[in-house]
1. For a quick check of your reading of the model, give me the residue pairs whose first member lies in segment 104-128 and is in contact (Cβ under 8 Å) with a residue 40 or more places away in the chain and among the charged types (D, E, K, R), whose second is in a helix (DSSP H, G or I) and surrounded by 11 or more Cβ atoms within 10 Å (Cβ to Cβ), with beta-carbon atoms closer than 8 Å and at least 6 apart or on different chains.
2. Test each condition in (1) closer than 30 Å to S107 by Cβ; (2) modelled with pLDDT of 75 or more for T33 and report the one that comes out false.
3. Scanning segment 67-109 for residues that are of a type in the set (G, A, S) and assigned to a helix (DSSP H, G or I), which turns out modelled with the highest pLDDT?
4. If I filter segment 117-128 for residues that are assigned to a loop (DSSP other than H, G, I, E, B) and open to solvent by 80 Å² or more (accessible area, probe 1.4 Å), do I get at least one hit?
5. Can you confirm whether F51 is of a type outside the set (D, E) and surrounded by 10 or more Cβ atoms within 10 Å (Cβ to Cβ)?
6. Just to be sure I understand the filter: pairs with C-beta atoms under 9 Å, separated by 6 or more residues or on different chains, first member in segment 35-47 and surrounded by 10 or more Cβ atoms within 10 Å (Cβ to Cβ), second member not acidic (D, E). Which pairs pass?
7. Are any of the residues in segment 52-66 of a type in the set (K, R) and either closer than 28 Å to K130 by Cβ or at pLDDT 80 or above (or both)?
Amino acid sequence: MSNIPPKLIKEFATITSRIEEAIRQDERHNILTRMASEREADARRFLADIFADRKGEQTVSGGNLVGRIKRPKPNSKLGRLFGCLASRTYAVNRDTLVRHSGMTPVSVHQGIQQLRQRGYTIECNRQGTKPKYRLVA
């Protein structure tokens, strides 16, 4: 083995490094392609859910009709209450809902009841000093 020229050993190391880099590049490409296709599929499902909603009909991603949910008008107080709940992923207390909807505390409670009657699921977390409300997707 001592008869191998140093130039050949150096070239072998370079070729090995280039092969390893090509394999890593191929793995990166495969992962990025898979991630892009997953994102595209998620985006298609999201758009299908959005555009499947016609005249208050709520559907699930499979296209099955769940039931009719009448959405409140966006400019109404009930619509602003719904928008406040829908725009947050965390629970908010009644004072926040009063501020954002322009309703009184009693009418916020009544508005939550109306949204529940329309088919929306609203959780109430009563831990702590003030109850907090959250719209469940």
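1. Partner pairs satisfying both residue conditions: none exist.
2. (1)
3. S107
4. Yes, segment 117-128 contains at least one residue that is assigned to a loop (DSSP other than H, G, I, E, B) and open to solvent by 80 Å² or more (accessible area, probe 1.4 Å).
5. Judged against the criteria, F51 is not a match.
6. Cβ pairs passing all conditions: R45/S61; F46/S61.
7. no
The values are calculated or read from the model by the stated rules, or taken from the named source; none is laboratory data. All of these numbers come straight from a predicted model, not from anything done at the bench. Every residue, glycine as well, gets a Cβ built from its backbone with ideal geometry; the counts of neighbours run over all protein chains shown. Please note that ligands, DNA and RNA were not included when accessible areas were found on the heavy atoms of the full protein model with its side chains. Shrake-Rupley method; radii C 1.70, N 1.55, O 1.52, S 1.80 Å.
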